[in-house]
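Data first, discussion second: the structure below is written as structure tokens.
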Amino acid sequence: MPVNHNVYKQLIADFEKNNSQLVAVTKYRSIEDVNSLYNYGQRKMGENKVQEILRKAPLLPENIEWHMIGHLQKNKVSKLLPFVNMIHSVDSLELLLEIEKQAAKIHKEILILLQVHISDEEQKYGFDLTSFENVFFDIEKLNLKYSKIVGLMGMASFTEDQSKIREEFKSLKHLYDQLSKNNSNLSILSMGMSGDYQLAIESGSNMVRIGSLLFE
Ligand SMILES: *Cc1c(COP(=O)(O)O)cnc(C)c1O
């Protein structure tokens, strides 16, 4: 399944207009496919499994920025950190503290997005939306040194109902705007995948994670 260069070019042009960034999701894709994305100029690559980042990163150019976008278990943090640039899926305080502890050991700054649960689907991970402001204030007080919290991530429900998806994205955008007023480190709102990225961008996303659409 080769990269669809026309789709890629079109997406990049669209995202530039909207000041948003593309994370190319390369899960299930070959080294060759990641290489062709790289040759088109793509540097941010997303994977949802630690094992895949560990396998691919050593075989590919060093200046690829690896984004961990899937659920992360605490016992895999230390293996992942040397290879990862940003983690989109930090969904508990315990996980965040483990990242801080392991990042300190290797003196590496890790960019963190806190994942917030905005869909009505139980199996999707993330901090609870309604109590998130207080959780965020508690996290800010920790003054973490290596885990740099730069934004929020959310996934909408898997549904045909566009207005529902829009409402979910807007709820996260609202939260992001509120928190950004008092925290100038927040600059990334990661929302949108192949099926819903247009709604996500309309709702204020500035980082989109796209996989299947990029491939023929
Ligand atoms: C797979 C995945 C994506 C990309 O999904 P596509 O529908 O292939 O664009 C985005 N975000 C997360 C967390 C994923 O696991």
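Each reported figure results from applying straightforward, stated rules to the coordinates on display, with no laboratory input. What you see is a predicted model; the values in this text were computed from it and never measured. As a convention, Cβ positions derive from the backbone with ideal geometry for all residues, glycine included, and neighbour counts pool all protein chains shown.
Test of understanding: in a Gaussian network model of the chain with alpha carbons linked when under 10 Å, which of Gln73, Gln21, Gln102 would top the mean-square fluctuation ranking?
It is Gln73.
Just to be sure I understand: of the beta bridges DSSP finds with both ends in the chain, what percent are antiparallel, rounded to 5? Walk me through the numbers on the way to the answer.
Numbers: 1 of 31 bridges.
Roughly 5 percent of the beta bridges in the chain run antiparallel, per DSSP.
Cα-Cα over 28 Å: which of Lys17/Lys44; Lys74/Lys181; Lys56/Lys170; Lys101/Lys164? Can you show the working numbers first?
Working: Lys17/Lys44 18 Å; Lys74/Lys181 31 Å; Lys56/Lys170 35 Å; Lys101/Lys164 38 Å.
Result: Lys74/Lys181; Lys56/Lys170; Lys101/Lys164 exceed 28 Å.
Cα centroid distance between region 1-45 and region 161-213, in Å?
Comparing the Cα centres of region 1-45 and region 161-213, I get a distance of 19 Å.
Which ³J(HN,Hα) values in Hz, rounded to whole numbers, follow from the phi angles of region 131-147 under the Karplus curve 6.51 cos²θ - 1.76 cosθ + 1.60, where θ = phi - 60° and Gly and Pro get x?
Couplings: 9, 5, 4, 5, 4, 5, 4, 4, 5, 4, 5, 5, 6, 5, 8, 9, 8 Hz.
Quick one: Karplus J couplings for region 75-83, per residue in order, coefficients 6.51, -1.76, 1.60, θ = phi - 60°, nearest Hz, x for Gly and Pro?
Those phi angles translate into 6, 9, 4, 5, 5, 6, 3, x, 9 Hz.
Please give me, ordered by residue number, the chymotrypsin sites (Phe, Trp or Tyr not before Pro) of region 39-128 that lie in loop per DSSP and have at most 14 other Cβ atoms within 10 Å. Could you put the intermediate results ahead of the total?
Numbers: sites: Tyr40, Trp66, Phe83, Tyr125, Phe127; in loops: Tyr40, Tyr125.
Filter output for region 39-128: Tyr40.
For the chain, modelled as a Gaussian network with Cα springs under 10 Å, which listed residue fluctuates most, Leu72, Leu179, Leu113?
Comparing Leu72, Leu179, Leu113 in the GNM, the peak value goes to Leu179.
Report the extension gain between Phe158 and Ser187 in nm, rounded to one decimal, defined as 0.36 nm multiplied by the number of residues separating them, less their alpha carbon distance.
Numbers: separation 29, 0.36 × 29 = 10.44 nm, distance 2.60 nm.
Full-extension gain reported as 7.8 nm.
Charges on Cβ only, +1 for Lys and Arg, -1 for Asp and Glu, centred on the Cα centroid of region 5-214; of Ser30, Leu189, Ile149, which one is farthest towards the dipole's positive end?
Going by the charge dipole, the pick is Ser30.
Once the Cα atoms of the chain are picked out, what are the Rg and Dmax in Å?
According to the Cα coordinates of the chain, Rg and Dmax are 16.6, 47 Å.
Under the Karplus relation 6.51 cos²θ - 1.76 cosθ + 1.60, θ = phi - 60°, what is the ordered set of whole-Hz ³J(HN,Hα) values for region 100-105, x standing for Gly and Pro?
Calculated HN-Hα couplings, in order: 4, 4, 6, 5, 4, 4 Hz.
Divide by every residue of the chain the summed helix terms, -39500 (n - 2.57) for each DSSP H run of at least 4, and state the resulting mean residue ellipticity at 222 nm, rounded to the nearest 500 deg cm²/dmol.
Details: 8 runs with 82 residues, N = 216.
Mean residue ellipticity at 222 nm (helix-derived): -11000 deg cm²/dmol.
Comparing Ala104, Ala57, Ala13, which has the greatest mean-square fluctuation in the GNM of the chain with Cα pairs linked when under 10 Å apart?
Maximum fluctuation in the GNM of the chain, among the listed residues, is at Ala13.
Quickly work out the Lys145-to-Asn39 label distance, labels modelled 7 Å from Cα along the C-beta direction, and quote it in nm with one decimal.
About 4.4 nm, to one decimal.
Mind jotting down the distance between the C-alpha centroids of region 139-159 and region 62-77, whole Å?
14 Å
Which aspartates and glutamates does Lys173 reach when only Cα atoms under 14 Å apart count, and residues fewer than 8 places away in its own chain are ignored?
Glu133, Glu202
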